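What follows is a set of notes on a single structure, which appears directly below.
The values are calculated or read from the model by the stated rules, or taken from the named source; none is laboratory data. These figures come from a predicted structure and were not determined experimentally. A quick note on method: Cβ atoms are made from the backbone with ideal geometry, for glycine too, and the neighbour counts reach across all protein chains shown.
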Amino acid sequence: RLVLGIESSCDESAAAVVADGRRVLSSVIASQIKDHAPFGGVVPELASRRHLENLAPTVMAALSEAGVTLDDITGVAVTQGPGLIGALLIGLNLAKALAWSRELPLVGVSHLEGHLAALSLAQEPPPYPFMALLVSGGHTSIFLVRAPGEQQELGSTVDDAAGEAFDKVAKLYGLGYPGGIIIDRMAAAGDPSVIQLPRPRMHDGTLDFSFSGLKSAVVRFREANQGEDYRMEDLCAGFQEAVVEVLVKKTLAAAQERGVGHLALAGGVAANQRLRAAMAEAAAREGLGVTLPPLALCTDNAAMIAAAGCHHLRAGRRMPLEADAISRLPKGGALPAEALA
Ligand code: ATP
Ligand code: MG
Ligand code: FE
């Protein structure tokens, strides 16, 4: 089975060829970071236009890098949602056209399920069941993953996503875009104990998160310390530590509550070095297994969409040609049943 995956939910035009839902033959990403950087965030209309230009060539590149042609492809998987509606539509329509013209089975994939499916592409995939922390630019949730495509959301952010908090703090200080990786790098040279910030909802007994208050705390800290001498590295380290502590504590609590012996990280923020180290440390301390996927599988890519899609195709699910993109998913992160036929 050779599945062609297509992803265009945000600012990455991506295509990949994955064999048997397991082996990545190619994964090509045309990033639009440079296009959006001057605006300090993703401009939806600009994203759509870039996808229109870049997505088809990206698919061609993925096929050629995999050393295959469309004749070898046995199924097409595409991100159906959530994401920017215009951006999603470019991918959806390209996938429909390819599938229709080649009479290939087509399936729509939840971008969130894709991030979780990325774990099955790791060199050593996590054993089921595992507790996954999905942390990205738009989402922060804890999922109990029982089997491929079978996940239950146990908690999520009530306001900002963790990645969003990273990006907003970086923007506040004019550090650059996207902020996550810049703060990660600066924090490595800082001392997290110099500037203490709140750990929102740390002890509220739920598996939910909140990061908008932490961002506001940084805003207040900045105003209160105008003209004061403090190191940006220390602020980054203090902020990052606050985020990481809450993320790790709640993921651990979820695993313990459910008696699950394995932890896993997914989503763009899973690329964060401090989060990876802290999660590994916590797992080792508690005698749990842990999967930290390679960075390229954490941030947006199409291999994860092909992997998730392969599972659904095998199960016989199909997306009808008249199906629409779904900008926002209902709570839980799965596509609504009526989106799959
Ligand atoms: P979603 O998956 O929720 O729809 P998205 O697709 O935009 O959102 P991803 O590409 O999965 O998100 O992740 C992007 C986010 O990850 C951004 O917020 C970015 O700042 C953050 N990020 C990337 N690398 C790091 C890092 N090293 N440390 C912290 N955050 C990071
Ligand atoms: Mg992105
Ligand atoms: Fe994503």
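Within segment 24-38, can you find the residues that are without any contact (Cβ under 8 Å) to a residue 40 or more places away in the chain and either more than 16 Å from ligand 3 (Cβ to nearest atom) or out of contact with any Lys or Arg (no Cβ under 6 Å at 6 or more places or on another chain) (or both)?
Filtering segment 24-38 down to residues without any contact (Cβ under 8 Å) to a residue 40 or more places away in the chain leaves 30-32, 34-35, 38.
Ala30, Ser31, Lys34, Asp35, Pro38, listed by residue number.
From Ala47, Ala30, grab the single residue that is surrounded by fewer than 23 Cβ atoms within 10 Å (Cβ to Cβ), of a type in the set (A, V, I, L, M) and within 20 Å of the chain's Cα centre (by Cα). Working first, answer last.
Numbers: Ala47 fails: surrounded by fewer than 23 Cβ atoms within 10 Å (Cβ to Cβ).
Of Ala47, Ala30, the one residue that is surrounded by fewer than 23 Cβ atoms within 10 Å (Cβ to Cβ), of a type in the set (A, V, I, L, M) and within 20 Å of the chain's Cα centre (by Cα) is Ala30.
All but one of (1) more than 16 Å from ligand 3 (Cβ to nearest atom); (2) modelled with pLDDT of 95 or more hold for Gly5; which doesn't?
(1)
With the checklist (1) surrounded by fewer than 23 Cβ atoms within 10 Å (Cβ to Cβ); (2) over 21 Å from Leu335 (Cβ atoms); (3) under 19 Å from the mean Cα position of the chain (by Cα) in hand, flag the one item Leu52 doesn't pass.
(3)
For Phe130, all conditions in the list (1) within 16 Å of ligand 2 (Cβ to nearest atom); (2) closer than 24 Å to Ala280 by Cβ hold save one; what is the number of the exception?
(1)
For (1) closer than 30 Å to Val246 by Cα; (2) under 16 Å from the mean Cα position of the chain (by Cα), each residue gets a yes or a no:
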| position | (1), (2) |
| --- | --- |
| Asp71 | no, no |
| Leu98 | no, no |
| Gly108 | no, no |
| Pro125 | yes, no |
| Pro129 | yes, no |
| Leu133 | yes, yes |
| Gly137 | yes, yes |
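Go through segment 285-324 and give me each residue that's among the polar types (S, T, N, Q) and either surrounded by fewer than 16 Cβ atoms within 10 Å (Cβ to Cβ) or within 16 Å of ligand 3 (Cβ to nearest atom) (or both).
As a first pass, look at segment 285-324 and keep what is among the polar types (S, T, N, Q): 291, 299, 301.
If the condition is that a residue be among the polar types (S, T, N, Q) and either surrounded by fewer than 16 Cβ atoms within 10 Å (Cβ to Cβ) or within 16 Å of ligand 3 (Cβ to nearest atom) (or both), then Thr299, Asn301 are the ones that fit.
Do we find a residue being in a helix (DSSP H, G or I) and without any contact (Cβ under 8 Å) to a residue 40 or more places away in the chain anywhere in segment 296-305? Even if it seems obvious, please write down each step before you answer.
Of the residues in segment 296-305, the ones in a helix (DSSP H, G or I) are 296-298, 303-305.
This time we only want the ones that are without any contact (Cβ under 8 Å) to a residue 40 or more places away in the chain, so: none.
The answer is no, given that none of the residues of segment 296-305 is in a helix (DSSP H, G or I) and without any contact (Cβ under 8 Å) to a residue 40 or more places away in the chain.
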